[in-house]
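A short worksheet on the structure shown next.
The values are calculated or read from the model by the stated rules, or taken from the named source; none is laboratory data. Since the structure is predicted, the reported quantities are computational estimates derived from the model, not experimental observations. A quick note on method: Cβ atoms are made from the backbone with ideal geometry, for glycine too, and the neighbour counts reach across all protein chains shown.
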Amino acid sequence: MLKVLIVDDDFTARSNFKTMIDWEKNGFELCGEAANGQNAIGMIKDNLPDIVITDMNMPILDGVALIKYIGSNFPDIKSVALSGYEDFQYVKESLKNGAVDYLLKHKLDDISLLKVLNAASDKISREHKLMKQIVQSREILRQNFIRKLVLGDICDMRVIKEKAKELELPIDHSPLMIVVIAIDDFKDIKKRFAEDKASGFISSLTDLTVEILADMGNAVMSEVDDGKFVIIFHFAVHSELFIHNHVSTTVRRIRESMKRYLNITSCISLGRLFYNIGEISRLYKEVDEMLSEKIITGKDQIFRESANLGNTIDFSNLDVKDEKQIMLAIKAGDIEKINQYLDNIFDRITEFRVSYKSIQMICIELIGIANRIARESALDIKELYNNNEIPYEEMKKHETIMDVKKWIGTIYQRLITLLLGNNMHGKYTEPTNKALEYLRKNYTNDVSLNQAAEYIGVNSSYLSRVFKEDYGMGFAEYLNSIRVKQAKYLIERTDVKLKEIVKQVGFNNYTYFFKVFKMVAGITPVEYKEKCKNHEPG
């Protein structure tokens, strides 16, 4: 709603304005009235109206002088000249000094008043829209400049200083500080959206942060990678205490707003104070590197430059004893032992704050164990990984130690399942071997004895009989046992909800899953989950 101030030395004229139209209904608000230009100036300062309708011929300060004052001191306010026959010369002067329109007193009615008000309103809207576009364009240019600057794409100091001056960025010889924000689980967040909605989410995230920075002042932000943003803080003051407090307050607001409005968390690293813009690219790399601590500390963290990140211990090779124990446990099919060994390894990594690069090397060795055993057993290594994933690339997607450990544990679980099926060959009749292989590959689907028999090419009654004779348990009983075994693994080692686990292991009915689980495991899935929470898996 636009605010309108009426200025006229005629009390009756001012009163007529109040009742001439329904101001609020038409999108306007009468914010005040003044009897001369001098009084109007005080009211303009106090109320900041959007539109001023002023009579031309008034005592103390006339309308022409008032309009000239408004044009010089409040250029965004739209002035409308109010004139009679005898002072039309005033109107010409007022239009020269910036009035957007005029009203003739002898022809003034609700229609002419609304026409002028709406024209002024349209002009205000157009100017606001244009100003917004100008600000947005300049902000985009600033963001592109900052991105190129931190990534080292602009190195010439003369070019840097000229561009900073052109974009009105006071970063030359100012106290500066770099902050890097990385959104937790950003790849998973993007997967939840279609492409157009994903870009909308990123825009919301950017707008939220830019709004906070605009409110707090002294900063410019740019997206440097998927889900990663850099903020350059610049200051006119040199008080380190003030600067650190300001940055901390701003970062806290950004984190809290992301949680409250977008339901996301982030890790944020804060660099040290510096003055030379030529150092921005090098210091950005240092601040960005601090985020690698996330793999140890977990998500939703703040890392500060003062923290001594050099106290990490580098052991980039597995202990020979660990390697042998894991290999023996895999070949024995003992998933509990494997999980125990993995827990020990990753507990040591966390305790000694092993560097990110060393963690990668250790994980490569752990994956290598699985690949080596698979090759020795003539297994197809691709079956160890989902969706033809490249293991070393997949490893980089996991953001914390817990995520990496769960992922490697899942690979070992798949390997044991593959080995179990592989070892059955030669022990049983051909139909049983084929049935075991079929179940190993399809137990997560809605499979049946008839489907297996059709796949193998034998009668279902015959398959049922030879399977039980060979394996010692019926087809359905074996199918339920491997489904429950996988369900136990998912309950113990992941955060997947029970209702999702039911589907993942091949059951269609939640109640039937509970019944089968209790029959095989001796306890319900809920009870098993409680045991796992108390570190009593079985």
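Please report, ordered by residue number, the helices (runs of 4 or more DSSP H) entirely within region 311-418 with at least 3 residues that are within 29 Å of F186 (Cα to Cα) and free of Cβ contacts under 8 Å to residues at least 40 places away in the same chain. Spell out the reasoning first.
On the way: elements: 320-332, 335-351, 356-376, 391-397.
Passing ranges, in order: 335-351, 356-376, 391-397.
Are there any helices (runs of 4 or more DSSP H) wholly within region 75-176 with 3 or more residues that are under 30 Å from E279 (Cβ atoms) and in contact with a Ser or Thr (Cβ under 9 Å, 6 or more places away or on another chain), and if so which? Give the derivation first.
On the way: elements: 88-96, 110-150, 157-166.
Passing ranges, in order: 110-150.
If S199 passes every condition in (1) exposed (fewer than 13 other Cβ atoms within 10 Å of the Cβ); (2) in contact (Cβ under 8 Å) with a residue 60 or more places away in the chain; (3) among the small types (G, A, S) but one, which one does it miss?
Against the list (1) exposed (fewer than 13 other Cβ atoms within 10 Å of the Cβ); (2) in contact (Cβ under 8 Å) with a residue 60 or more places away in the chain; (3) among the small types (G, A, S), S199 comes up short only on (2).
Hey, can you tell me all the residues within region 207-244 that are in a helix (DSSP H, G or I) and closer than 29 Å to E399 by Cα? Give the steps one after another, and end with the answer.
Pass one, region 207-244, residues in a helix (DSSP H, G or I): 207-216, 240-244.
Matches in region 207-244: D207, L208, T209, V210, E211, I212, L213, H244.
Limited to region 14-59, what total is found for residues that are crowded, with 17+ Cβ neighbours inside 10 Å and basic (K, R)?
So the answer is 1.
Do you know which residues across region 320-340 are surrounded by 14 or more Cβ atoms within 10 Å (Cβ to Cβ) and of a type in the set (V, I, T)?
I326, I330, I335, I338
Just to verify a result, which residue in region 231-269, among those that are aliphatic (A, V, I, L, M) and over 22 Å from V150 (Cα atoms), is surrounded by the most Cβ atoms within 10 Å (Cβ to Cβ)? Before you say what the answer is, go through the steps one by one.
Our first condition is that a residue be aliphatic (A, V, I, L, M); within region 231-269, this holds for 231-232, 236-237, 241, 243, 247, 251, 254, 258, 262, 264, 268.
From what is left, the residues that are over 22 Å from V150 (Cα atoms) are 237, 241, 258, 262, 264.
Numbers: V237: 11, L241: 7, M258: 22, L262: 15, I264: 17.
Among those that are aliphatic (A, V, I, L, M) and over 22 Å from V150 (Cα atoms), it is M258.
When you go through (1) within 44 Å of the chain's Cα centre (by Cα); (2) within 20 Å of N118 (Cα to Cα); (3) in contact (Cβ under 8 Å) with a residue 40 or more places away in the chain one by one for K25, which number turns out not to apply?
The number of the failed condition is (3).
Of the residues F201, F193, which is part of a helix (DSSP H, G or I) and aromatic (F, W, Y)?
Values: F193 fails: part of a helix (DSSP H, G or I).
None of the others qualify; the one that does is F201.
Give the number of residues within region 124-140 that are at pLDDT 90 or above and surrounded by 11 or more Cβ atoms within 10 Å (Cβ to Cβ). Give the steps one after another, and end with the answer.
So the first thing to find is which residues in region 124-140 are at pLDDT 90 or above, and the list is 124-126.
Next cut, surrounded by 11 or more Cβ atoms within 10 Å (Cβ to Cβ) only: 124-125.
Result for region 124-140: 2.
Looking only at region 484-494, decide whether some residue is of a type outside the set (V, I, T), exposed (fewer than 13 other Cβ atoms within 10 Å of the Cβ) and outside the structural domain of K406 (by TED's automatic domain parsing). Talk me through it step by step, then tell me what you get.
Here is the first cut: in region 484-494, the residues of a type outside the set (V, I, T) are 485-490, 492-493.
Still in the running and exposed (fewer than 13 other Cβ atoms within 10 Å of the Cβ): none.
No: zero hits.
If you check F507 against the conditions, is it more than 24 Å from T429 (Cβ to Cβ), surrounded by 19 or more Cβ atoms within 10 Å (Cβ to Cβ) and outside the structural domain of I338 (by TED's automatic domain parsing)?
Values: more than 24 Å from T429 (Cβ to Cβ): yes; surrounded by 19 or more Cβ atoms within 10 Å (Cβ to Cβ): yes; outside the structural domain of I338 (by TED's automatic domain parsing): yes.
Yes; evaluated as a whole, the condition is true for this residue.
List every residue pair whose Cβ atoms sit under 6 Å apart, with the two residues 6 or more apart in sequence or on different chains, where the first one lies in region 244-261 and is of a type outside the set (D, E) and the second, anywhere, is at pLDDT below 95 and part of a helix (DSSP H, G or I).
Pairs found: T250/M216; R253/I212; I254/T209; I254/I212; S257/L208.
If N450 satisfies every condition in (1) of a type outside the set (D, E); (2) in a helix (DSSP H, G or I); (3) at pLDDT below 90 but one, which is the exception?
(3)
Quick test for you: out of I359, I326, I295, I280, pick the one residue that is assigned by TED's automatic domain parsing to the domain that holds P175, closer than 29 Å to I416 by Cβ and either under 28 Å from the mean Cα position of the chain (by Cα) or modelled with pLDDT of 90 or more (or both).
I295
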